[in-house]
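Shown next, in structure tokens, is the structure this report addresses.
The values are calculated or read from the model by the stated rules, or taken from the named source; none is laboratory data. Bear in mind the structure is a predicted one, so any value in this text is a computation, not a measurement. With ideal geometry, Cβ positions are generated from the backbone for all residues, glycine too; neighbour counts draw on all protein chains shown.
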Ligand SMILES: NC(=O)c1ccc[n+]([C@@H]2O[C@H](COP(=O)([O-])OP(=O)(O)OC[C@H]3O[C@@H](n4cnc5c(N)ncnc54)[C@H](OP(=O)(O)O)[C@@H]3O)[C@@H](O)[C@H]2O)c1
């Protein structure tokens, strides 16, 4: 079976499951496990790695830098800039600091982490400058809802936005109402963060929901694998679960092979129905 993938432009096709890194780099005792988990993920084809200057104050980027040492060409590296750094010389300094921690000279994708201090036009101009300098290949945004995305599209150069990274999991389906169809119409990939609802911590009852467990048991896979397969069932959507153990990484990589049937999707819809009206974008 061919693996599901998502295209960030012509040269940027990636498997529909990547690797998140939030909370990595916080505990020196866990460093080697985190590096090993990321390396195992790359070996298993989870080649997109998502990080941010925010995570562990740059500590997560350092973990990624260690994990990708000697194999930069095999990964698609994504990092994010704080809103208060997302313009002018601040963007240049923030990007250079990320590159140093990541031990590389370019990012495949650089995201505005959330909307804040600079205007969208200032951020787009900063991103264009970073592309011109060869420091990033593409840029995108995160945590922008429909109105913000329309505003961005109207800004000069805004049409080059390569992705919107947003919260999306079975128990938080608001983007299906408007943002997701809009992105699909623009052929703009959506990166789903917290695809496992942080192992259920974001939504009580998700992991133990009887219908979700029934679907997992019916296939002999785990609930986490069903949650990932459900996120990537949508055209143009990729999931970036964070896993700091090799066992979790192996499970997540295997989820790339799962194609949910219509009947399985109906059961999951019964557990967590699609929204019927506009819901403000969920964030963590
Ligand atoms: N743009 C943004 O504002 C934003 C916000 C939040 C997250 N993100 C990005 O999205 C990534 C994912 O989100 P997240 O880390 O918040 O939550 P998540 O991926 O939904 O959940 C992570 C949790 O799930 C566990 N896990 C991973 N694989 C598992 C498996 N197969 N079975 C059971 N448990 C499993 C992890 O445990 P172990 O670590 O012990 O393996 C961890 O506790 C982040 O790491 C970050 O890169 C972006």
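(1) in contact with a helix residue (DSSP H, G or I) (Cβ under 8 Å, 6 or more places away or on another chain); (2) in contact (Cβ under 8 Å) with a residue 40 or more places away in the chain: which one isn't true of residue 240, the others all being true?
Exception for residue 240: condition (1).
Taking into account only those residues within region 172-196 that are touching a residue at least 60 places away in the same chain (Cβ under 8 Å) and in a strand (DSSP E or B), which is farthest from the ligand (Cβ to nearest atom)?
Among residues in region 172-196 that are touching a residue at least 60 places away in the same chain (Cβ under 8 Å) and in a strand (DSSP E or B), the one farthest from the ligand (Cβ to nearest atom) is 172.
Considering only region 47-66, state which residues are more than 8 Å from the ligand (Cβ to nearest atom), surrounded by fewer than 24 Cβ atoms within 10 Å (Cβ to Cβ) and in contact (Cβ under 8 Å) with a residue 24 or more places away in the chain.
Answer for region 47-66, where residues must be more than 8 Å from the ligand (Cβ to nearest atom), surrounded by fewer than 24 Cβ atoms within 10 Å (Cβ to Cβ) and in contact (Cβ under 8 Å) with a residue 24 or more places away in the chain: 47, 53, 54, 56, 58, 59, 62, 65, 66.
If I ask for residues that are surrounded by 14 or more Cβ atoms within 10 Å (Cβ to Cβ) and within 16 Å of the ligand (Cβ to nearest atom), which ones from region 246-279 would you list?
246, 248, 249, 250, 251, 252, 253, 254, 255, 256, 258, 272
Got a number for residues in region 67-103 being away from the ligand (no atom under 16 Å from the Cβ) and under 20 Å from the mean Cα position of the chain (by Cα)?
Within region 67-103, residues that are away from the ligand (no atom under 16 Å from the Cβ) and under 20 Å from the mean Cα position of the chain (by Cα) number 5.
Pick from region 143-166 the residues that are under 19 Å from residue 7 (Cβ atoms) and outside any helix (DSSP H, G or I): which of them is nearest to the ligand (Cβ to nearest atom)?
165
Scanning region 134-149 for residues that are over 21 Å from residue 18 (Cβ atoms) and out of contact with any helix residue (DSSP H, G or I) (no Cβ under 8 Å at 6 or more places or on another chain), which turns out surrounded by the fewest Cβ atoms within 10 Å (Cβ to Cβ)?
Ranking the candidates gives 134 first.
Checking residue 110 against (1) away from the ligand (no atom under 16 Å from the Cβ); (2) part of a strand (DSSP E or B), which single condition isn't satisfied?
Unmet condition: (1).
So, in region 2-34, exactly how many residues are on the phi < 0 side of the Ramachandran plot and more than 13 Å from the ligand (Cβ to nearest atom)?
18
Go through region 113-126 and give me each residue that's free of Cβ contacts under 8 Å to residues at least 40 places away in the same chain, buried (at least 19 other Cβ atoms within 10 Å of the Cβ), within 16 Å of the ligand (Cβ to nearest atom) and under 21 Å from residue 58 (Cβ atoms).
123
I'd like the full set of residues that are away from the ligand (no atom under 11 Å from the Cβ) and under 21 Å from the mean Cα position of the chain (by Cα), limited to region 217-237.
Result: 229, 230, 232, 233, 234, 235, 236, 237.
Within the group 20, 41, 12, 45, which residue is modelled with pLDDT under 95 and under 18 Å from the mean Cα position of the chain (by Cα)? Outline the logic, then answer.
Working: 20 fails: modelled with pLDDT under 95; 41 fails: modelled with pLDDT under 95; 45 fails: modelled with pLDDT under 95.
The unique qualifying residue is 12.
When you scan region 218-237, how many residues do you find that are under 26 Å from residue 35 (Cα atoms) and in a helix (DSSP H, G or I)?
8
Report yes if some residue within region 197-216 is within 8 Å of the ligand (Cβ to nearest atom) and part of a helix (DSSP H, G or I); otherwise report no.
no
For region 238-284, which residues satisfy the criterion of being part of a helix (DSSP H, G or I) and either more than 21 Å from the chain's Cα centre (by Cα) or modelled with pLDDT under 95 (or both)?
Selection gives 262, 263, 264, 265, 266, 267, 268, 269, 270, 271.
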